[in-house]
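The values are calculated or read from the model by the stated rules, or taken from the named source; none is laboratory data. Note that the structure is predicted; figures quoted are calculated from it, not measured. Cβ placement follows ideal geometry from the backbone for every residue including glycine, while neighbour counts extend to all protein chains displayed. Note: accessible area is taken over every heavy atom of the protein model, side chains too, but ligands, DNA and RNA are not part of it. Shrake-Rupley method; radii C 1.70, N 1.55, O 1.52, S 1.80 Å.
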Amino acid sequence: MSALDHSHSHALFARALELMPGGVNSPARAFGGVGGEPIVMARGEGQYLFDVDGQRYLDYIGSWGPMILGHAHPEVRAAVHAAVDRGTSFGAPTAAENELAELIIEAVPSVEKVRLVNSGTEATMSAIRLARGYTGRDRIIKFAGCYHGHVDSLLVAAGSAAATLGAPDSPGVTRGTTQDTLVLRYNDVEQLEATFAQHGATLAGVILEPVVGNMGLVKPSDAFLEALRRLTTKHGSLLIFDEVMTGFRVAFGGAQALFGLTPDLTTLGKIVGGGLPLAAYGGRREIMDQVLPAGKVFQAGTLSGNPIATAAGAATLKLLKSDPPYSRLEENSARLAAGLSAAAQAAGIPHQLQRVGSMLTLFFNDAPVTNWDTASKSNTARYGRFFWGLIERGVYFPCSQYEAMFVSDKHTREDIDQTIAAAREVLARL
Ligand code: KE4
């Protein structure tokens, strides 16, 4: 897989395999999509990761999204260090939670009130429970290829034909928890219309990634977004934007700000916690006030709004607010996208380069990727060889064709050009 020296990494991972399932604490890191063994990392600094064998990589995973400011940002570190010295958890309200809540509410158009939680999974699970509690209805629509965390009711197999009631997609998930989940095709307006015509009165909500990162980068069509907002409003269902990945990434106000479309509920994660375990869900006051103890929809968490995580999140959002990186990210990401596409073109390799802001994917696919049906036809074996060729040249892309890559504000034009040069070498040999 790689001619680099991974001896320390290999030894550590061998031990990890004895200690943790698959040697990892999340399957996304297990390199299942590219083959070979994960690389054990020692530290991050700016745009770089350093592995335990001392090798440096230009990092385009960014911890799967959070590290928009780059690793170990001095002002985020200072905020965390100051918070730690005051204690790590009180189980009582703190001013830091007010500060972060205010920053979120000010930034995200749909959010008038917010609840802080500990992971994106917790945020989406809570948002769905709230949609059901608020509407008094049971059914939820999700889309094949969108990932919203390991929420039982969302771990459903993609319906290959028309809308199908979700069948469990993991052992341990019961039919009872998935029977009220309908799985549709992303960007399929006709199917959405038909499903609402048939089930509209029983639909509590629709949840989607407004820009998909979890099948690789897939954009919503304007018609799809319009139909989502129109149909949910018409039928009294809640439109839930899962902005765990896109929040503060594609724009400071997320995809909803970029598209000028206001959902009823929003989930946030990743960047909002500055790389610490923090996520959130929020929406209109009249909906959020249904959450315990203001309302009756139960949701709780020992470490929710934790002082250290809120310090990292608030420091991150304040930096994004005071010096928005989005134009810099757009320039560098567009340069990277053009360079990768030109390199694949020069190598005569069928590909689709799909991007929104600093989220992008180079699909090894000869057709535009608009949903899971098209995404799943990508040449994942070729992607695996591409990934390892880049590793040998000190460039760390996502370890799956079905993940978005991320550019940080620390990546320089020189880094982008170095990445393009490495990709050109690898693609020429694929
Ligand atoms: P977490 O529970 O992993 O914090 O968030 C779940 C989640 C929810 N919604 C969206 C849109 C997400 O992208 C995620 C998590 N994303 C994956 C990467 N594609 C996390 C990586 C991992 O599971 O290790």
Task: Extension gain, Arg285 back to Arg393 (0.36 nm per residue minus Cα-Cα distance, nm) - done: 33.8 nm
TODO: Name the long-range amide H neighbours of Val156: under 5 Å, sequence gap of 5 or more, or other chain; modelled H, no Pro or chain starts.
DONE: Asp169
- [ ] Name the long-range amide H neighbours of Gln299: under 5 Å, sequence gap of 5 or more, or other chain; modelled H, no Pro or chain starts.
- [x] Leu292
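Give the percent of DSSP beta bridges with both residues in the range 74-322 that are antiparallel, rounded to the nearest 5.
Working: 13 of 31 bridges.
The antiparallel fraction comes to roughly 40 percent.
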TODO: Could you let me know the centre-to-centre spacing of the range 101-135 and the range 188-207, using Cα atoms, in angstrom?
DONE: 22
TODO: Net charge near Leu192: determine it from the other residues with C-beta under 13 Å of the C-beta of Leu192, scoring Lys and Arg +1 and Asp and Glu -1.
DONE: +1
Task: the chain - mean residue ellipticity at 222 nm from DSSP helices (-39,500 (n - 2.57) per run, n ≥ 4, rounded to 500) - done: -11500 deg cm²/dmol
Open item on the list: With the crude spin-label approximation of a point 7 Å out along Cα→Cβ, what separation in nm comes out for Ala197 versus Ala367?
Closed with: 2.4
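For Thr262, Thr178, Thr135, give me the order by solvent-accessible area with a 1.4 Å probe, most accessible first, ignoring ligands, DNA and RNA.
Numbers: Thr262 75, Thr178 0, Thr135 35 Å².
So the residues, ranked largest to smallest area, are Thr262, Thr135, Thr178.
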- [ ] Kindly report, to the nearest 10 Å², the accessible surface of His81 as traced by a 1.4 Å probe over protein heavy atoms only.
- [x] 110
Open item on the list: Could you tell me the center-to-center distance, by alpha carbons, between the range 353-369 and the range 1-61 in angstrom?
Closed with: 25
Task: Separation in nanometres of the label points that stand 7 Å from Cα toward Cβ, at Asp152 and Ala82 - done: 4.3
- [ ] In nm, give the distance between the simple-model label positions of Leu303 and Ala11, each being 7 Å from the Cα along the Cα-to-Cβ direction.
- [x] 3.0
TODO: Give, as a single signed number, the net charge of other residues whose beta carbon lies under 15 Å from the beta carbon of Phe13, with Lys and Arg counted +1 and Asp and Glu -1.
DONE: -3
Open item on the list: Would the chain count as rounded, prolate or oblate if I go by the C-alpha gyration tensor, calling it rounded below 1.5 in a/c and otherwise prolate when a/b exceeds b/c, oblate otherwise?
Closed with: oblate
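At 0.36 nm per residue, minus the direct Cα-Cα distance, what do Phe90 and Ser376 gain on full extension? Give it in nm, one decimal, please.
Working: separation 286, 0.36 × 286 = 102.96 nm, distance 4.60 nm.
Stretched fully, the Phe90-Ser376 segment lengthens by 98.4 nm.
What is the sum of charges, Lys and Arg at +1 and Asp and Glu at -1, for the other residues whose Cβ falls under 14 Å from the Cβ of Gly65?
Details: positive: Arg29, Arg249, Lys270; negative: Asp59, Glu209, Asp242, Glu243, Glu403, Asp409.
Net charge around Gly65: -3.
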